[in-house]
Every structure is written in C-alpha cells, then in structure tokens.
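Heads up: the structure comes next, in structure tokens.
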Amino acid sequence: ALRDPRALLADFHRWLEAPEIRALLTRGAFPEGTRVECELPFVVRDGDRLLQGSVDRVVRIPDPAGEQLLVVDWKTDDVAPEDEGALDERVAFYSPQVEAYARALVRIEGVPRDRITTLLAFLVPGRTVPASAP
C-alpha cells in the first residue's frame, strides 16, 4: 500500500535528525576530497556464481596509504531504539549482503578488502552499525 507523501516526508525529516544518520550525509564529517557514489551497480563473478546488485552508497575517502571505501547500506526496518537484541538480529541478517558488496568492490576496484568498511544504517532507530563478518 502506498503511504501518504506527507507521512513519508515527516519520516525522512525524522531520520535526518538522528546524529549518526546525519553524519553519514554531511560533507564535513569526511576529509576533503571525499567523493560519494549512490546506487553503484555491479555484476561480478564470485566463485561459481554471479553477484549482481547495487550498492546504496560508496564513500571514497582519500588516504595516503590508498583510498578507503565506506559501503553504506540503508535499512528501513522498524527496530525499536532500545531493542539491542532485535538490532543485533538485523545486523546478522544483513551482514552477508553487505559483505557481498565489499567482495564485489574488491573485484571491480582492485581495492584490498582491509580498505573497505561496511556499515548498516538503520533509519528507524537512527543508528549506524558496522556489518559483521559472516
């Protein structure tokens, strides 16, 4: 069912009020020269299968040792802010997906895996959580 656009806009503004979410969207939170790509499509071979998808957000952070990549996957799951157990379950559920994004970027970009950070951004509780290795 379609939601009322005014309700969606109100949700959007509420999400932006969360400091952790706002920081991901604020230029000043990253070093000068940082670039952002949204909805980055990919198709790569991963072992005996083909991975195809789109990374929500790739933040390219300059670093003298080599560009660092921050992979952000936005989540709209309705997780209560105080329910750490539910948040942990969602992180465990989504981490393999975000890890696949990181593997794809290793193949596409030639960036070593240790220069890629994966982050799940849960809009409803306003929290950002590192994806855990599967």
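The values are calculated or read from the model by the stated rules, or taken from the named source; none is laboratory data. Since we're looking at a predicted model, the values are computed, not measured. Backbone-built Cβ (ideal geometry, glycine too); neighbour counts: all protein chains shown. For accessibility, only protein heavy atoms count, side chains too; no ligands or nucleic acids. Shrake-Rupley method; radii C 1.70, N 1.55, O 1.52, S 1.80 Å.
The numbered conditions (1) on the phi > 0 side of the Ramachandran plot; (2) surrounded by 10 or more Cβ atoms within 10 Å (Cβ to Cβ) are all true for Leu51 except (1). Which count do you get for residues in the range 79-118 that are aliphatic (A, V, I, L, M), farther than 21 Å from Arg45 by Cα and out of contact with any Phe, Trp or Tyr (no Cβ under 8 Å at 6 or more places or on another chain)? Summing the residues that are aliphatic (A, V, I, L, M), farther than 21 Å from Arg45 by Cα and out of contact with any Phe, Trp or Tyr (no Cβ under 8 Å at 6 or more places or on another chain) in the range 79-118 gives 4.
Sub-6 Å Cβ pairs linking a first residue in the range 115-130 that is open to solvent by 30 Å² or more (accessible area, probe 1.4 Å) to a second residue that is part of a strand (DSSP E or B) and polar (S, T, N, Q), at least 6 apart or interchain, are Arg115/Gln68, ordered by first then second residue. In the list Asp11, Asp88, Asp78, which residue meets the criterion of being farther than 22 Å from Gly110 by Cα, in a loop (DSSP other than H, G, I, E, B) and not aromatic (Phe, Trp, Tyr)? Among Asp11, Asp88, Asp78, only Asp78 is farther than 22 Å from Gly110 by Cα, in a loop (DSSP other than H, G, I, E, B) and not aromatic (Phe, Trp, Tyr).
Here Phe93 qualifies as open to solvent by 60 Å² or more (accessible area, probe 1.4 Å), of a type in the set (Phe, Trp, Tyr) and more than 17 Å from Leu16 (Cα to Cα). Ala121 falls short of the stated requirement of being of a type outside the set (Ser, Thr, Tyr) and out of contact with any Leu (no Cβ under 7 Å at 6 or more places or on another chain).
For (1) modelled with pLDDT under 95; (2) farther than 19 Å from Arg22 by Cα; (3) over 11 Å from the mean Cα position of the chain (by Cα), each residue gets a yes or a no:
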site: Val36; (1), (2), (3): no, no, yes
site: Leu51; (1), (2), (3): yes, yes, yes
site: Pro62; (1), (2), (3): no, yes, yes
site: Thr118; (1), (2), (3): no, no, no
site: Ala121; (1), (2), (3): no, no, no
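When Arg22 is tested against (1) of a type outside the set (Gly, Ala, Ser); (2) open to solvent by 60 Å² or more (accessible area, probe 1.4 Å); (3) assigned to a strand (DSSP E or B), only condition (3) is not met. Selection within the range 68-88: residues that are at pLDDT 95 or above and open to solvent by 30 Å² or more (accessible area, probe 1.4 Å). The member of this set that is nearest to Val124 (Cα to Cα) is Trp74.
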